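Read through the structure below, which is laid out as C-alpha cells, and then see the notes.
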Amino acid sequence: MKRLVLGLVLLALATPADAHASTPLPWCGTDISALDRAPDASAGFSVHVIYAIPPGAPDRFGEWAPRLAGDAAAIEAWWRSQDAARAPRFDLHPFPCASVFGTLDLSRVQLSAGVGDIRSAFSTIRLLLGREQGFRQSEKVYLVYYDAPTGQIGRERVCGQAATERAGVSAFAVVFLDSCGSDDADEVRPIVAAHELIHALGAVDATAAPNGCSGGHVCDSTSDLMTATLRDGPLESRVLDSGRNDYYGHAGSWDDLQDSRFLERLDSADRVAPSVPAAPTITSDRFGTVRFSWSPSTDDVGPVSYRVSRDGIFFEEVERSSALLEALLGSTSTYSVRAADAVGRLSAPVSVRFTAGLGIVDASGLLVRDTVPPTPVTKVAVRKLGTRVVLTWARALDGVGLSGYRVRIGARTLSTSRERLSVQRSRVTGPITIAAVDRAGNVGPAATVPLRRLR
Ligand SMILES: [Ca+2]
Ligand SMILES: [Ca+2]
Ligand SMILES: [Ca+2]
Ligand SMILES: [Ca+2]
Ligand SMILES: [Zn+2]
C-alpha cells in the first residue's frame, strides 16, 4: 500500500476561460450535518464530500454547497466521457431533488482546532476529521474542501493534497479553496478535486507506470489529468491516462484505477448490493480470541465477501462467514460486518456489541446474552472404590455464572452441579466426557476419560 501525500502545484495561474467544467447545482439538503448521513443512498464504496472550516473562519457552506454539488456532477460527467463504462460513485442521500448530484451527502464540519499552514494543513485535516468526526470508513474516500487560508504566498501554490488509505486511516483528498483560483471561478477546482481523488485512490504508481514521474504523476502528456503541475483549460480538456498505459485501463500488471471498487461499473450485469449478513453471533475463548460469525449474504451475481470492522475501524475482508479477532478479556467493542460484491456494492452493516469473556451487551454495557462458554474441565482424577468409580475435577469458570456439568457416559447424559461423580463400574462401557455448562446453556470444552482408566 502506498502512503503518498501529494500536492498539485499551480505554476501558471489559470486564467478563467469561457468553458466551465463545473456549473453550480441547487443542493437539496434539508439539514446541516457534520456527519456522514446513513444509510447511504448509493450503497457501495463511495466518495464522501466534506466542506470543512477551522474554528472562527466564516462559514460559507450555503454558498459552497451548490458549487460542490456541481463539482461532483462535473467529475462524474467527465469520467464517463473518458470511459463510458465507469463513473466514480459519490455518497448520495435521498433528499427530495430534481437532480442526482443535488442529493450529494455533503457534510459541513467545523474542525475542533486550527490546521496550521500548508505544511501541516493536510495531515491535520485528515487527523481531525478521522479521529474526532468519525470520517474513517474504509469503504469511503473523503473529498474535503477546506475553506480557510493556508498561508501560501508566491507563484507556486499547492492546490490540493491527497493520501491513500492505511491502517485505521481512510483515503483523503483535500482541495484548498484559498489556492489556485478555486474560489474565484469554477474551472480549476474540479480538476484539482479529480486529480487529488485519483491520488487518494492510489494512482499513479510512478515506479511501475512507464510515464510515471515526480512521485505519483505522469510526464508524457501535458493534457493528462495527472501531470504534476496544473495548466490552463477546463476539466474537459484533460485526459484520463493519455495512451491508457500508466494508471487507467492499461495492459500492465500493476494497479489499475479502472478496477477500483469506488467506480460504478456501468457495463456490469451486477446491479444490486448483497443482502445484509444475518444472525450475527459472537463468542470468545479463555485466551481472548473472539469468533464473530454470521449467515451468508445473497447477491444478484456474486461472489460476496465480508468486511469486518471493530469500533468503526476496518479489520479485514474475508470470503468465509466468520472472522477471528483478538481482544482483552473484559474489553467491550462493537463488531460490525457488511457484505461486498465484486463490483463494489455494499450491504448495510450489522453490528453486535460484545464484552470478551462475557457475552453480548447493550449500549450501556449491560449483559444481554451470555454467549461465552465456561472454561474447559481439567484435572480429572479417577478413583475406583469397590464396585464404583469416582471422578473428581477442577472447578470450571464462567464470566457470568456456571450452572453445572454435563456428563456423558456412553449414550447416557447426566447433569451434576458438583465437581464429583460416582458411577457403577459395571455401567461404564465407554469413555466418559465431562463439560461445564453455564446458566445460558453454553457448553465448555469437554474432558474425556478413556475407558482404560475407568475399569
Ligand atoms: Ca452517507
Ligand atoms: Ca499514459
Ligand atoms: Ca451484486
Ligand atoms: Ca458464559
Ligand atoms: Zn498530484
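The values are calculated or read from the model by the stated rules, or taken from the named source; none is laboratory data. Note that the coordinates shown come from a computational prediction; the quantities given were computed from them, not determined experimentally. Glycine gets a Cβ as well: all are built from the backbone with ideal geometry, and neighbour counts include every protein chain shown. For the accessible areas, the whole protein counts, side chains as well, though only heavy atoms, and no ligand, DNA or RNA atoms are used. Shrake-Rupley method; radii C 1.70, N 1.55, O 1.52, S 1.80 Å.
Condition check ((1) within 16 Å of ligand 4 (Cβ to nearest atom); (2) assigned by TED's automatic domain parsing to the domain that holds Arg131; (3) under 15 Å from the mean Cα position of the chain (by Cα); (4) at negative phi) across all residues:
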{"site": "Arg244", "(1), (2), (3), (4)": "no, yes, no, no"}
{"site": "Trp294", "(1), (2), (3), (4)": "no, no, no, yes"}
{"site": "Thr334", "(1), (2), (3), (4)": "no, no, yes, yes"}
{"site": "Ser347", "(1), (2), (3), (4)": "no, no, yes, yes"}
Next item on the list: For residues that are open to solvent by 60 Å² or more (accessible area, probe 1.4 Å) and either in a loop (DSSP other than H, G, I, E, B) or touching a helix residue (DSSP H, G or I) at 6+ places or on another chain (Cβ under 6 Å) (or both), tally how many sit in segment 76-114.
Entry: 7
Check: Identify, please: which residue in segment 208-222 is loosely packed, with under 15 Cβ neighbours inside 10 Å and of a type outside the set (A, V, I, L, M, F, W, C) and is, among those, farthest from ligand 4 (Cβ to nearest atom)?
Finding: Thr222
Item checked: Restricting segment 287-315 to residues that are under 23 Å from Gly359 (Cβ atoms) and among the charged types (D, E, K, R), the residue that is surrounded by the fewest Cβ atoms within 10 Å (Cβ to Cβ) -> Asp311
Check: In this structure, is Gly70 modelled with pLDDT of 95 or more, away from ligand 5 (no atom under 16 Å from the Cβ) and crowded, with 23+ Cβ neighbours inside 10 Å?
Finding: yes
Check: Where in segment 128-247 are the strands (runs of 3 or more DSSP E), entirely inside, with at least 3 residues that are at pLDDT below 95?
Finding: 157-163
Check: Can you tell which of Thr371, Thr375 is in contact (Cβ under 8 Å) with a residue 40 or more places away in the chain, in contact with a Leu (Cβ under 7 Å, 6 or more places away or on another chain) and polar (S, T, N, Q)?
Finding: Thr375
Margin query: Looking only at segment 182-201, filter to residues that are in contact with a helix residue (DSSP H, G or I) (Cβ under 7 Å, 6 or more places away or on another chain) and open to solvent by 10 Å² or more (accessible area, probe 1.4 Å); which one of those is farthest from Ser223 (Cα to Cα)?
Written below: Leu201
Notebook entry, point to check: Between residues in segment 123-138 that are open to solvent by 60 Å² or more (accessible area, probe 1.4 Å) and residues that are not charged (D, E, K, R), which pairs lie under 7 Å by C-beta distance while being six or more apart or on different chains?
Noted result: Glu132/Ser112; Arg136/Gly130; Arg136/Gly168; Arg136/Val169; Arg136/Ser170; Arg136/Gly312; Arg136/Ile313
Margin query: On the basis of being assigned to a strand (DSSP E or B) and not small (Gly, Ala, Ser), does Phe292 make the cut?
Written below: yes
Next item on the list: Within segment 401-420, track down each residue that is of a type in the set (Val, Ile, Thr) and buried (at least 18 other Cβ atoms within 10 Å of the Cβ).
Entry: Val407, Ile409
Next item on the list: Restricting attention to segment 22-49, report how many residues are within 11 Å of ligand 1 (Cβ to nearest atom) and β-branched (Val, Ile, Thr).
Entry: 2
Checklist line | Residue list for segment 254-265, restricted to those being without any contact (Cβ under 8 Å) to a residue 24 or more places away in the chain and either in a loop (DSSP other than H, G, I, E, B) or within 13 Å of ligand 2 (Cβ to nearest atom) (or both) | finding: Asp256
Item checked: Residue selected from segment 438-450 under the condition of a type in the set (A, V, I, L, M) and open to solvent by 40 Å² or more (accessible area, probe 1.4 Å), by the criterion nearest to ligand 4 (Cβ to nearest atom) -> Ala440
